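Report on one structure; see the data block that follows.
The values are calculated or read from the model by the stated rules, or taken from the named source; none is laboratory data. Please read all numbers here as calculations on a predicted model, not as lab measurements. Glycine also receives a Cβ, built like all others from the backbone with ideal geometry; neighbour counts cover every protein chain displayed. The protein model used for the area step is the full one, side chains on, heavy atoms only, and it has no ligands, DNA or RNA in it. Shrake-Rupley method; radii C 1.70, N 1.55, O 1.52, S 1.80 Å.
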Amino acid sequence: MASSTVQLTGIAGQSVELPTGLFINNEFLEAQSKSTVKVLNPSTGKLLAVVAAAEKQDVDLAVGTAKVAFDTWKTVSGIERRALLFKLAELIERDSEIFATIEALDAGVLFNDSKFLHVAAAVETLRYFAGWADKCNGSSMPISGGMAYTKKEPIGVCAAVVPWNSPLMITCWKLAPCIAAGNVLIVKTAELTPIYGLKLAQLVKEAGFPPGVINIITGLGAKAGQSLAEHMEVRKLAFTGSGPVGRGIMIAAARSNIKKVTLELGGKGPTLIFDDAELENAVFWATLGITAHNGQICAAGSRILVQSGIYDQFIEAFKKRSLDAVAGDPLLANSTKGPLASRVQRDKVLGHIQKGIQDGAELLHGGKVIESDGNYLENTAFVNVTRDMSLMRDEIFGPVAAIAKFKTEDEAISLANDSEYGLSSAIFTSDISRAYRVSDALETGQVTINSWGNINANTPFGGKKQSGFGKDLGVEGLDEWLNVKTVKVNLLPAKEVKV
Amino acid sequence: MAAPTDFQTQLFLNNKYVDAKSKETLSLVNPFNGEPISAAVQVAGQEDIDLAVSYAQAAFKSGPWSTYTGAQRAVYLNKLADLIDANAHKLAALDSLCMGAPIAVAENFVVPQAAVAFRYYAGLADKIEGDSFAAEDGTYRIVRHEPLGVCAGIAPWNVPMIYVGWKIAPALAAGNTAIFKASESSPLATLYLGKLVIEAGFPPGVIQFVNGGGKTGALLASHMGIAKISFTGSTSVGKIVQKLATESNMKKVTLELGGKSAALVFEDANIPNAVAGTADGFLLNSGQMCLATSRLLVQESIATPFIEAVKARFLKAASKLGSDPLSPTTTYGPMANKAQFDRVLSYINIGKEGGALAIGGASNGNNGLFIEPTVFVNPDKNSRIYKEEIFGPVLSILTFKTEEEALELANDTNTGLSAGLYTSDLNRALRVSAKLESGNVAINSLHLPAVNVPFGGWKESGSGQELGRYGFQSYLKTKSVHIK
């Protein structure tokens with residue numbers, strides 16, 4: 001059954017109308033069980049939309065159409081895939097303000113952050129991987145007795161389960177290389193933030209992708225996500241989200257069909273500030289690192305380790321900058337701080353704050369809810385946090401910084417590496433040798449020197465240890481969506497020629 | 001269709017059409033009817049080349065282009081591809097008018113291939129990657145890949161628009177700036193591109209077009225401010241380009257030169273397919289292709305019927321001789337210019353003296369520069385028509401008994417650009433292709449370059465590669481940085 005629509009209103013009365021169904025085979029459908037999910041505006045607490053929520057039968061349908069689509073899609077050339085990805089990039093760019101409106105209303109992302117950072121990154125990612133679509137070549141090599149070559153082949157039916165924090169961008173991190181590599185894809189958007197997925201689905205159809213090549217559904221993780229993780233016909237699942245859910249996906253994958261899995265599970269990013277850091281630059285990035293999108297970023301610089309010589313100056317400037325935030329409606333240009341994505345998330349973060357206080361950490365600033373109908377929370381920081389405290393160890397995913405002082409480089413490295421996470425880190429120093437030495441020593445998948453959180457389409461991003469495995473972006477990101485086939489030809493001797 | 005009449009005749013420098021300081025002009029002639037083309041195309045002299053290089057250097061070092069990321073460069077390359085496609089008919093007509101290619105081929109294949117190259121290389125612009133090495137000995141090492149600077153391209157007259165894509169696209173994707181010279185007998189389509197360069201939004205000095213013949217080419221090859229020259233043309237001129245490049249500033253050189261390529265047809269080949277490839281395929285562009293397999297080697301056991309089949313295809317092509325290249329139904333065009341026409345005829349006369357002429361051998365009189373598709377069977381292996389590149393519709397056919405003999409015949413040349421191999425036996429296909437001394441081998445079809453694999457000649461057919469990622473690398477240089 002075809003689905004109904006939702007209407008959203010943005011700034012200056014801009015209106016967006018979208019279907020609310022599951023996008024399967026280029027159609028918007030109700031869930032077969034008529035199941036739905038309510039979507040709230042995290043800034044106002046009000047109901048934004050009621051959208052179809054996929055359950056097992058819907059996932060089966062989506063996977064079925066993807067499988068059928070793959071039979072034809074695998075014969076489409078890399079050049080044609082490239083053209084389609086470019087078209088999709090162009091359409092997203094055309095509608096960037098619509099996406100920014102949706103992300104502001106649904107995910108609490110600041111409008112300008114969405115438009116100029118997240119949506120722009122999504123477009124850059126699509127264009128980057130479009131250029132790989134016609135270049136997935138193998139190698140050729142001699143072997144004794146003949147010759148051999150490798151082929152890079154698509155995996156087939158793939159799935160991506162994506163989070164609510166930077167929904168469009170992270171979806172495109174999966175979609176772009178997956179499709180460039182020649183696969184078909186089922187995207188499960190987060191049930192907290194499904195609306196951008198509906199708009200993306202419209203553009204997928206407008207761009208000209210054949211039905212079934214890209215399906216976009218939303219649903220509860222425990223239902224739709226689990227069904228995908230267990231599905232016998234899905235051959236790869238890429239997940240970005242929390243550790244516990246990632247673990248469950250890995251188990252379900254192993255128990256079902258040993259599907260390929262990549263997991264991007266969050267981090268506890270250490271930001272190391274050395275005495276010789278350029279202070280203003282360090283303050284700018286370190287603050288951004290834990291306040292951007294209220295710290296709801298896997299790469300958040302949530303542990304700030306400051307060398308004793310620069311400590312006092314840093315703390316003063318960091319506090320000033322952290323408090324200099326204007327909390328307001330994410331749609332408005334003068335808001336520099338939006339809400340947390342949900343009431344549940346806000347309360348989780350509050351719980352971490354309480355724990356921090358109980359554990360004896362010293363509150364530097366913040367710690368309180370900002371009263372409203374939405375999910376606003378003050379920028380918060382603790383100092384004198386010791387390595388065994390929960391504030392130092394557990395991912396909070398909120399605007400809460402855990403700060404510690406260190407004396408020596410070795411101490412900083414030891415503190416930074418004392419974590420089960422290993423996603424990203426940041427170093428601030430003017431000494432080139434230190435920069436190389438320390439970045440070498442840090443056990444994280446990405447290290448930024450004198451900045452924080454850079455994302456570029458041509459550089460791989462992904463973690464170590466319990467931050468997961470597998471890369472997004474870069475050529476390594478492309479390889480995650482390909483299988484290698486080796487073909488060996490045995491050369492038989494020349495036949496006798498009748499003269 | 002009516003011949004186009006709105007021509008650009010100046011130089012395209014720094015995003016403007018400007019008069020050359022040299023007062024020389026080119027005389028263009030329509031090879032279909034011998035009539036002059038009323039376009040006094042201006043020749044670039046020393047001052048003009050100096051100016052072009054200074055613009056290109058400024059654009060490379062400090063202009064907006066020097067600040068663009070690869071992804072930004074890609075946007076312009078893709079735009080130009082779209083504009084080339086949108087203007088394919090106009091560009092094809094201009095090439096056709098100058099050098100006689102059938103417009104259907106020019107418009108549906110040659111011109112679009114330029115756009116194909118721009119799009120392929122656009123996709124590499126943001127994927128330049130060097131290497132990084134861990135500091136096992138205490139020193140970190142990074143290998144950077146950086147553009148060269150000002151890159152010059154010199155193109156021949158046979159498929160003019162293709163070279164625009166092959167030489168400019170990779171140069172620009174890598175971050176260089178480009179100066180391009182089309183052949184003095186077919187400059188018009190290339191020169192028209194200046195308008196599209198402006199429309200695409202390239203900053204000034206990134207792509208420039210100059211006109212002229214050998215003298216202008218020599219100025220480019222000798223210029224101290226040019227970092228690389230890519231030349232496609234005859235072997236003898238290629239050697240001059242290399243010499244001038246070395247003697248000036250040791251600029252990097254890529255050469256795509258001539259060939260005298262062989263097609264080997266074994267008795268187990270699919271015969272109709274082999275005839276199509278070696279006969280119809282050979283006559284593409286009236287045989288004026290560097291990769292033409294102008295030596296057809298046929299296994300004895302099938303030679304008689306095969307040769308008859310090839311002759312029949314040649315006669316069929318000849319029956320359409322004399323048709324206007326600007327007509328969309330024309331499939332066989334004249335020689336591109338008088339010099340080439342005279343050259344081919346003189347080779348044919350040499351061959352006739354040797355007595356091996358099977359069919360063809362004549363021009364069609366006063367009506368343009370057409371030469372009949374011509375076959376020599378079993379010419380003397382030492383004769384000039386068998387050893388030297390003719391670059392026209394003149395095919396030599398020899399027979400062989402064994403695979404070893406075929407290979408010996410095929411490799412007995414100081415060229416190594418292309419080779420064709422027709423067989424249904426997998427082992428023979430792999431074995432023989434491995435032993436052919438050629439930079440490109442096509443099995444069971446006509447060889448046509450593909451943008452994603454390198455195209456380059458062995459022996460005196462050239463040095464370096466164009467196309468593919470290898471071609472891309474040739475527009476970059478390495479810098480190793482050691483960090484303690």
The helix B:88-99 Cα axis meets the longest alpha-carbon principal axis of chain B at an angle in degrees, between 0 and 90 and rounded to 10, of 60 degrees
A convex hull over the alpha carbons of segment B:182-267 yields, per residue, a volume in Å³ of 153 Å³
Kirkwood-based Rg/Rh on the Cα set of chain B evaluates to 0.99
When the charge dipole of the protein assembly as shown is computed with +1 on Lys and Arg Cβ and -1 on Asp and Glu Cβ about the Cα centre, the Cα farthest towards its positive end, among A:Q226, A:A404, B:G471, belongs to B:G471
Chain A: Kirkwood hydrodynamic radius (Cα pairs, Å) comes out at 23.6 Å
Shape call for segment B:95-185, from the Cα gyration tensor axes a ≥ b ≥ c (a/c under 1.5 means rounded, otherwise prolate when a/b beats b/c, else oblate), comes out prolate
Correct semi-axes for segment B:414-484, from √(5λ) of the alpha-carbon gyration tensor and rounded to whole Å with the largest first, are 31, 13, 12
Rounded to the nearest 10, the angle in degrees between the Cα long axis of helix B:46-61 and the longest principal axis of the Cα atoms of chain B comes to 60 degrees
One can check that the equivalent ellipsoid of segment B:357-417, built from the alpha-carbon gyration tensor with semi-axes equal to the square roots of five times its eigenvalues, has lengths in Å, largest first, of 27, 13, 9
What helix-only [θ] at 222 nm does chain A give? Using -39500 (n - 2.57) per DSSP H run of at least 4, over all residues, to the nearest 500, the answer is -10500 deg cm²/dmol
Quick tally, 1.4 Å probe accessible area for A:K485, A:K199, B:K484, sorted with the most first, runs B:K484, A:K485, A:K199
Of the convex hull drawn through the C-alpha atoms of segment B:31-75, the volume per residue in Å³ is 144 Å³
Beyond 30 Å (Cα-Cα) in this structure, taken from A:K320/A:K355; A:K151/B:K61; B:K260/B:K311; A:K135/B:K252; B:K338/B:K435; A:K67/B:K167, we find A:K151/B:K61; B:K338/B:K435; A:K67/B:K167
Descending accessible area (1.4 Å probe), largest on the left, turns A:D394, B:D95, B:D412 into B:D412, A:D394, B:D95
Expected integer from the mean partner chain Cβ neighbour count at 10 Å over B:422-428 is 3
For peptide A:76-82, the mean count of other chain Cβ atoms within 10 Å per residue Cβ is 2
Computed over segment B:285-334, the convex hull of the Cα set has an average projected area, in nm², of 4.2 nm²
For segment B:366-484, the Cα-Cα pair-distance distribution in 5 Å bins from 0, as whole percents, is 2, 9, 14, 18, 17, 14, 9, 6, 4, 2, 2, 1, 1, 0, 0, 0
Note: the protein assembly as shown at 4 °C, 1.567 mPa s; Kirkwood Rh on alpha carbon pairs; Stokes-Einstein D in µm²/s works out to 41 µm²/s
SASA check, B:E404, accessible area w/ 1.4 Å probe, all protein chains in place, rounded to nearest 10 Å², comes out at 120 Å²
Neighbours of A:S430 by Cβ distance under 15 Å: Lys/Arg at +1, Asp/Glu at -1, summed charge -4
With B:T25 itself left out, Lys, Arg at +1 and Asp, Glu at -1 over residues whose Cβ is under 12 Å from its Cβ give -2
Here the whole-number average of other chain Cβ atoms within 10 Å per Cβ of B:344-357 is 0
Put A:L84, B:L395 in order of accessible area, largest first, probe 1.4 Å, and you get A:L84, B:L395
Taking a straight Cα-to-Cα line shorter than 17 Å from A:K465, and setting aside same-chain lysines fewer than 8 residues away, one finds A:K268
Expressed in µm² per second, the diffusion coefficient of segment B:42-161 from the Stokes-Einstein equation, with Rh the Kirkwood radius over alpha carbon pairs, at 25 °C and 0.890 mPa s, is 140 µm²/s
Shape descriptor, segment A:41-155: equivalent ellipsoid semi-axes (Cα gyration tensor, sqrt 5λ, whole Å, largest first) stand at 39, 21, 12
With bins of 5 Å, the percent of all Cα-Cα pairs of segment B:1-75 per bin from 0 is 3, 14, 16, 16, 13, 13, 11, 9, 5, 1
For segment A:149-246, shape from the Cα gyration tensor axes a ≥ b ≥ c, cut at a/c of 1.5 then a/b versus b/c, turns out oblate
SASA check, A:M169, accessible area w/ 1.4 Å probe, all protein chains in place, rounded to nearest 10 Å², comes out at 30 Å²
For A:I455 the rounded accessible area (nearest 10 Å², probe 1.4 Å, non-protein molecules ignored) is 60 Å²
A convex hull over the alpha carbons of segment A:231-290 yields, per residue, a volume in Å³ of 100 Å³
In debye to the nearest 20, the charge dipole size for chain A, taken about the Cα centre with +1 at each Lys and Arg Cβ and -1 at each Asp and Glu Cβ, equals 1620 debye
If one compares the long axis through the Cα atoms of helix B:188-200 with the longest principal axis of the Cα atoms of chain B, the angle in degrees, nearest 10, works out at 40 degrees
One computes Rg over Rh for segment B:241-374 from alpha-carbon atoms, with the Kirkwood Rh, and obtains 1.05
dims of segment B:314-428, Cα set, principal axes, largest to smallest, nearest Å -> 46, 33, 24
Taking a ≥ b ≥ c as the square roots of the eigenvalues of the Cα gyration tensor, with a/c under 1.5 meaning rounded and otherwise prolate when a/b exceeds b/c and oblate if not, segment B:398-440 is oblate
Kirkwood radius from Cα pairs of segment A:190-249 plugged into Stokes-Einstein at 37 °C, 0.692 mPa s, gives D in µm²/s equal to 253 µm²/s
Quick calc, segment B:380-465, dipole around Cα centre from Cβ unit charges on Lys, Arg (+) and Asp, Glu (-), nearest 20 debye, gives 120 debye
Inverse of <1/r> over all distinct C-alpha pairs of segment B:151-217, i.e. the Kirkwood Rh in Å, gives 11.9 Å
Toy charge model, Lys and Arg Cβ at +1, Asp and Glu Cβ at -1: segment A:343-499 dipole around Cα centroid in debye, rounded to 20, equals 680 debye
Here the net charge surrounding A:L91, from other residues whose Cβ is less than 14 Å away from its Cβ (Lys, Arg +1; Asp, Glu -1), is 0
Segment A:199-264: relative contact order from alpha carbon pairs under 8 Å, six or more residues apart, as a whole percent, is 30 percent
Ignoring GluC sites (Glu not before Pro) buried by more than 11 other Cβ within 10 Å or outside DSSP loops, the longest site-free run in chain A is A:1-370
